[in-house]
Amino acid sequence: MTKRKSGIRARRRMRVSPQRRMQLRVALQNGVFVLLLVSLAAILGVFSRHYRVAWDLTTTGRNTLSSASLDTLRKLDGPVQVTAYATPQDPRLGDLRKHIADFIARYQRAKPDVLLEFIDPRSQPKAAAQAGVRVNGELVVEYAGRSERLSNLSELDFTNLLIRLARADERLVMWLEGHGERSLTGPANHDLGDFGKQLRSKGIELSSLNLALAPDVPDNAALLVIASPQTRVSSVELDKLVRHIERGGNLLWLIDQEPLHGLEPLAERLGLVLSPGVVVDPDAIERASRPVMAVATPAGYGSHPIVRSFRLNTLFPFVRAIAINPAPGWDYSTLIEVAPRGWIETGDLGGRIVFDAGRDIPGPVPIALALERLHEEKNQRIVVIGSAHFLANTYLGNGGNLDLGVNIVNWLTGDDRLIAIQPRSAPDVSLTLSRGWLAAIVIVFLIVMPLALVAAGAWIWWRRRAA
């Protein structure tokens with residue numbers, strides 16, 4: 001009897017109650033869930049070491065490199081070494097090294113061989129002094145045996161630095177002076193000083209040229225710019241300009257609607273046909289501008305490398321038509337046509353401007369040409385544009401004027417691979433609210449929503465107590 005009772009008790013102990021079985025099942029499920037969660041975290045950790053994905057949710061895309069910066073990186077063959085002379089902490093910027101690493105990481109994602117190294121200028125003052133570093137956080141960027149320093153950490157400055165380093169040698173751009181021409185260093189509204197600053201930031205050297213004093217255009221000049229002389233160019237100076245063309249020199253000629261002041265033989269030599277009058281563009285009126293402000297759109301750009309991938313509108317004030325009867329040996333391309341619904345106005349611009357079918361020439365109107373020929377195994381290049389206004393300090397900031405000007409200079413100086421939309425600084429995003437909107441936000445978020453939460457909590461408490 002005793003044995004029988006003990007056997008019954010043993011069988012009862014072996015039985016698992018439904019409640020115990022449920023507990024075991026939940027514990028097993030929890031264990032499997034934890035195991036799967038740990039495995040997923042480990043897999044994500046492994047993948048994060050080899051793959052990186054980022055989304056830029058800012059309105060202006062300020063955390064993403066522009067297409068121009070990406071194009072510049074694609075054109076760089078070989079590694080780029082960035083040495084950052086930065087302390088681990090900065091009183092103003094905090095973790096300065098992290099700030100620099102995050103900035104360079106945007107370039108490293110597009111070009112993995114952008115290498116970053118940190119040097120503490122406090123612990124290694126000799127290295128900082130030898131590099132010429134004066135500012136905490138200054139970068140020394142090296143590429144293809146050349147190096148430059150950078151203290152302002154922005155995409156515009158860093159990409160421009162890469163463009164300068166990508167140039168095989170120094171480019172000297174000279175402009176004709178002595179006849180009231182627009183100056184590439186001048187601050188006046190009609191001058192081209194702002195454009196000249198942009199060229200210098202891209203590693204181009206600028207210098208003026210007075211042919212009344214100089215024996216000739218220097219052989220080391222990569223480009224000569226003639227920007228609308230206001231007084232007559234002497235026959236002696238004209239001969240020197242012609243010799244520059246005959247020797248294979250490159251030329252950017254900006255021709256306004258005024259007379260050529262002695263440069264007519266040069267235009268004839270190149271086969272230029274310059275019609276009198278100013279282009280009138282009715283589409284400019286729809287853009288709240290004057291009809292003499294011709295707007296060039298991508299539909300009016302040609303297939304030349306300068307404008308082939310150009311997608312920005314450009315503004316050409318008081319532009320004249322530029323046509324050509326090509327001289328023997330020259331190949332030419334029409335760069336830009338404007339005013340498809342406009343015309344060349346030959347009458348007075350002071351009164352009411354209307355199309356005169358018997359006198360005015362209907363559009364579209366060609367306003368820019370590119371000429372090229374092979375001269376002694378070297379490509380000689382010339383660009384003629386019917387307006388110097390578009391690069392003047394007053395109008396340079398309109399649309400893509402600056403980008404187009406830089407593209408033209410890059411092509412004329414032989415830096416075809418640098419022709420691209422220039423990087424721009426992302427504008428700050430600001431939100432301006434009226435007093436009414438500010439009051440509404442205060443009322444909703446500081447009064448209505450807290451009261452609603454309190455009321456909801458009180459209602460839930462009452463329901464639970466009633467239940």
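Centre-to-centre separation between the Cα atoms of the stretch 227-273 and those of the stretch 330-397: 17 Å.
Counting only Cα atoms, the size of the chain along its three principal axes is 138, 61, 43 Å, in decreasing order.
Each 5 Å bin from 0 upward holds the following percent of the Cα-Cα pairs of the stretch 170-418: 1, 6, 14, 19, 20, 18, 12, 6, 3, 1, 0.
What percent antiparallel are the DSSP beta bridges of the stretch 170-418, to the nearest 5? Please list the in-between numbers first.
Details: 28 of 45 bridges.
Approximately 60 percent, going by the DSSP bridge assignments.
In square nanometres and to one decimal, what's the mean projected area of the convex hull around the Cα atoms of the stretch 119-182? Before the final figure, lay out the partial values.
Numbers: hull surface 26.8 nm².
Average projection, Cα convex hull of the stretch 119-182: 6.7 nm².
List the longest stretch of the chain that has no exposed loop site; here a site is one of the chymotrypsin sites (Phe, Trp or Tyr not before Pro) assigned by DSSP to anything other than H, G, I, E or B, with at most 11 other Cβ within 10 Å.
Result, exposed sites excluded: 56-467.
Sites listed here are GluC sites (Glu not before Pro) in the stretch 352-392 whose DSSP assignment is loop and whose Cβ has at most 10 other Cβ atoms within 10 Å: 376, 377. Since only 210, 179, 317 are under comparison, the one whose Cα sits farthest along the positive direction of the charge dipole of the chain, derived from C-beta charges on Lys, Arg, Asp and Glu, is 317.
Our summary of shape: the Cα atoms of the stretch 337-417 have principal axis extents of 50, 30, 18 Å, ordered from largest down, in whole angstrom.
Cβ crowding within 10 Å, taken as a proxy for footprinting-reagent exposure, orders 149, 464 from fewest neighbours to most as 464, 149. Our summary of shape: the Cα atoms of the stretch 67-164 have principal axis extents of 36, 27, 20 Å, ordered from largest down, in whole angstrom. What you get for the chain, charging only the Cβ of Lys and Arg (+1) and of Asp and Glu (-1), is a dipole of about 6560 debye around the Cα centre.
For trypsin sites (Lys or Arg not before Pro), the sites in the stretch 303-335 that DSSP calls loop and that have at most 12 other Cβ atoms within 10 Å are 308, 311.
Where a number appears in this text, it was derived from the coordinates with a stated rule and is not lab data. Because the structure is predicted, anything quoted here is derived from the model rather than measured. As a convention, Cβ positions derive from the backbone with ideal geometry for all residues, glycine included, and neighbour counts pool all protein chains shown.
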